[in-house]
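S.K.: Before we start, here is the structure in question, set down as structure tokens.
Every number here is computed from the coordinates shown, using simple stated rules; none is lab data. No experiment lies behind these values; they were computed from the predicted model shown. Cβ coordinates were reconstructed from backbone atoms using ideal geometry, including for glycine residues, and neighbour counts include every protein chain displayed.
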Amino acid sequence: MTQVIIKPPREPRPYPVPWAESPAITRLARGEVGVAEFWRRVAEHGTPLIEPADDVNDRILTFLWRGERSVFLRANKLAEGELEPVPGTDVRYAAVRVRADWRGSYQLTPAGGKPGPDPLARANLPAPSGPPEKSLAELPDAPAQPWLRRSPDVPAGELGEHTLPSGRRCWAYTPPGHQRGERLPLLVLLDGDGWIGDRDIAATLDNLIAAGRIPRMVAALPDSVSPETRSAELTCRDAFVEFLAGELAPWAEAELGATGDPARTIVAGQSLSGLAAAFTGLRAPARFGNVLSQSGSYWFSGEWLTGEFADAPRGPVRFYLEVGLQEWVILDRTRKLRDVLRRKNYPVHYTEFNGGHDYACWRGGLADGLIALTNTWSARS
């Protein structure tokens, strides 16, 4: 059977790109600031420029390129388009108006080149392997992400690569001082290959544990294998749930000292794996009692999963759902799932962030979700 890659429906942007005028570019175009001085200030502060707007809740975000070639901007779910030249200069720009709590990744593509990070960016987005492919823009009121960067005074756990009995690759995290005889809570983080390398999920877990924000836990991160396999497995497939409950979880119990208690087991994922995490909570509540779903692909099969939750008996599962305000394909669908779950009396922690379908947002939201779910455990023990 030929495998295909499942893609979301093509739904048009429901609102126009919020293009704006940049005060810095206006001053440059009027000759109030020289080109050399302009680039000196850019080098000092980095890009994109963040400037005030007439509303204190908004900012003007200005993306820049230095050179004569045309350049295309793609900012995740925010804006796409050519950078405009400033006549008589080597400056190209695109400015958008955004609320001051926006965060997102973006790429610039010069004519004849490939999409890549902004050479002038303040920060690039870590990649699971190889050099960064995207840059990162964060506005001052974006939600704090204090758990990402490894601190030298925080004890480090171990993240190692393993092979499961079926032959699938899986990464496993064990906390500092882990003893084989311990029985610790279990995190199953789907699309595990997206959370290694410079993305360093171990640093986040180490930081959270050291600060006492989550209990000491082990984590199993199964490989997604390929885009085709990912589409075949993560689209509400009972066989994949059987793999998680029948192979991965028992392996984590035997090899990592994971608990068998569903109330202290979390299945987590983003996008298609966020959909799969929720489906796992529906099908296997006796093993997975906590679902952490970020930007889940709830458009799949005409919102089939939401209907399944509406019709099925309520299981002993807690949910953490989050979705971006710029994710117009899934925003209303996620709200609908939230409402169905609440009507069924599932405990649901729900949050919306000002961003798109973006690891830049998910990496902070994952930590928030772990804190929210595990903070309920004392009441359930």
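S.K.: Starting from 0.36 nm per residue, how many nanometres of slack lie between Arg99 and Glu308 once their C-alpha separation is accounted for?
M.R.: 71.7 nm
S.K.: Let me ask something else. Treating cross-link reach as a plain straight distance, find the aspartates and glutamates whose alpha-carbon is under 20 Å from the alpha-carbon of Lys344, omitting any fewer than eight places away in the same chain.
M.R.: Glu303, Glu308, Asp311, Glu322, Asp332
S.K.: Right, another one. Can you give me the orientation-averaged projected area of the convex hull built on the Cα atoms of region 23-138, in nm²? Please list the in-between numbers first.
M.R.: Numbers: hull surface 30.2 nm².
Hull-based average projected area comes out at 7.5 nm².
S.K.: Can you tell me the dipole magnitude for the chain around its Cα centre, using point charges on the Cβ only (Lys, Arg +1; Asp, Glu -1), in Debye to the nearest 20?
M.R.: Dipole size: approximately 540 debye.
S.K.: Where does helix 35-45 land angle-wise versus the long Cα axis of the chain, in degrees 0 to 90, nearest 10?
M.R.: Relative to the chain, helix 35-45 is tipped by roughly 20 degrees.
S.K.: Pick out, from Ala219, Gly355, Val323, the residue whose Cα sits farthest towards the positive end of the charge dipole of region 158-379, with +1 on the Cβ of Lys and Arg and -1 on the Cβ of Asp and Glu.
M.R.: Val323
S.K.: Please report the spacing between the Cα centers of region 251-321 and region 333-381 in Å, no decimals.
M.R.: 12 Å
S.K.: Once the Cα atoms of helix 201-210 and of the chain are each reduced to a long axis, what angle between those two axes, in degrees from 0 to 90 to the nearest 10, is obtained?
M.R.: With rounding to tens, the tilt is 70 degrees.
S.K.: Which lysines does Lys114 reach when only Cα atoms under 20 Å apart count, and residues fewer than 8 places away in its own chain are ignored?
M.R.: Straight-line reach from Lys114, under 20 Å: Lys77, Lys134.
S.K.: Ok, one more. Any chance you could run the full-extension gain for Leu325 through Arg149? It's 0.36 nm times the residue separation minus the Cα-Cα distance, nm to one decimal.
M.R.: Gain in length upon complete extension: 60.8 nm.
S.K.: Take every DSSP beta bridge whose two residues both sit in the chain, then give the antiparallel share in percent to the nearest 5.
M.R.: So the antiparallel bridges amount to about 65 percent of the total.
S.K.: So what is the 222 nm mean residue ellipticity for the chain from helices alone, if each DSSP H run of at least 4 adds -39500 (n - 2.57) and you divide by all residues, rounding to the nearest 500 deg cm²/dmol?
M.R.: -8000 deg cm²/dmol
S.K.: Using a 10 Å cut-off on Cβ atoms, rank the peptides 226-235, 100-109 from the highest mean neighbour count down.
M.R.: Final packing ranking: 100-109, 226-235.
S.K.: Using just the alpha carbons, could you tell me how many Å³ per residue the convex hull of region 52-91 encloses? Mind dumping the intermediate values first?
M.R.: Values: hull volume 3.5 nm³, N = 40.
Expressed per residue, the convex hull around the Cα atoms of region 52-91 is 87 Å³.
S.K.: Sticking with this one: Any idea what log10 I(q)/I(0) is at q = 0.09 Å⁻¹ for the chain, Debye with uniform C-alpha scatterers and no solvent?
M.R.: Cα-only, vacuum Debye calculation for the chain: -0.56.
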